[in-house]
Structure formats: structure tokens, C-alpha cells
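Undergrad: There's a structure below that I have some questions on.
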Amino acid sequence: MAVRSIGWATIAANSSMDWFIHGFTNRESVVYSLVVFPGSGNGVLYPKGDATLYQGRYVKHVDGTFAQVVTIRNNAPYNTCNVNLLAQVESF
């Protein structure tokens, strides 16, 4: 079981982003997870680190590999949040 760090992102308060990830074969299973850190916001003394990860859209990429689109939502209403997206990859 290998874990890959896909990357970091900063998401605006009460916003979401889509992340397109490709390069997987048809013999790999991928599960995503997040490491969430509170960001900053004007007048926010105690920023909140709260994000939701949605996964499940699978598509075949133009290079022949399989891709997934994940959506990450920042649930904090007044501050940004920083996330590190991780992928656990299993081959069969």
C-alpha cells in the first residue's frame, strides 16, 4: 500500500475546488484523504480547519490512463483553509 502526496491547496472561505488527477492504470484502486490546516481571515482570532472531500468521478484521460475528479470544500465560513491531498494506491 503506497501513499502519494498529490499536492497542497489553499481554499477560500466557504468555497470549493475541483482537482483533476490522472495517471492511474485500470489495475489500480485509489482512495483519497485530506490533512487540513486552518488558514487565516480578517478579524478571525481562532481560524477553523474544516474541509469535506468528495470523490467518485472516474474518467478515461486522453493519454489512455484513468483519471479522477475530487472536490474539496472549505466549511469554514470566515477563513481560508490549507489542505494536503493524499492518495492511497492499491494495485491488483
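The values are calculated or read from the model by the stated rules, or taken from the named source; none is laboratory data. Bear in mind that the values here come from a model prediction, so they are computed numbers and not experimental data. Cβ placement follows ideal geometry from the backbone for every residue including glycine, while neighbour counts extend to all protein chains displayed.
Residue-by-condition table, conditions (1) under 19 Å from residue 92 (Cβ atoms); (2) surrounded by 11 or more Cβ atoms within 10 Å (Cβ to Cβ); (3) out of contact with any strand residue (DSSP E or B) (no Cβ under 8 Å at 6 or more places or on another chain):
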residue: 2; (1), (2), (3): yes, no, no
residue: 10; (1), (2), (3): no, yes, no
residue: 24; (1), (2), (3): yes, yes, no
residue: 31; (1), (2), (3): yes, yes, no
residue: 43; (1), (2), (3): no, no, yes
residue: 48; (1), (2), (3): no, yes, no
residue: 66; (1), (2), (3): yes, yes, no
residue: 73; (1), (2), (3): no, yes, no
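Undergrad: Consider residue 39 carefully, then state whether it is within 13 Å of the chain's Cα centre (by Cα) and modelled with pLDDT under 95.
TA: no
Undergrad: Keeping to segment 12-22, report how many residues are surrounded by 14 or more Cβ atoms within 10 Å (Cβ to Cβ) and within 9 Å of the chain's Cα centre (by Cα).
TA: Of the residues in that region, 2 qualify.
Undergrad: Could you list, in sequence order, the residues of segment 43-59 that are on the phi > 0 side of the Ramachandran plot and part of a strand (DSSP E or B)?
TA: Selection gives 56 alone.
Undergrad: Just to verify a result, which residue in segment 75-91, among those that are in a loop (DSSP other than H, G, I, E, B) and not hydroxyl-bearing (Ser, Thr, Tyr), is surrounded by the fewest Cβ atoms within 10 Å (Cβ to Cβ)?
TA: 77
Undergrad: Consider residue 47 against the criteria (1) modelled with pLDDT of 90 or more; (2) under 18 Å from residue 3 (Cα atoms): it satisfies all of them except one. Which criterion is unmet?
TA: Among (1) modelled with pLDDT of 90 or more; (2) under 18 Å from residue 3 (Cα atoms), the lone unmet condition for residue 47 is (2).
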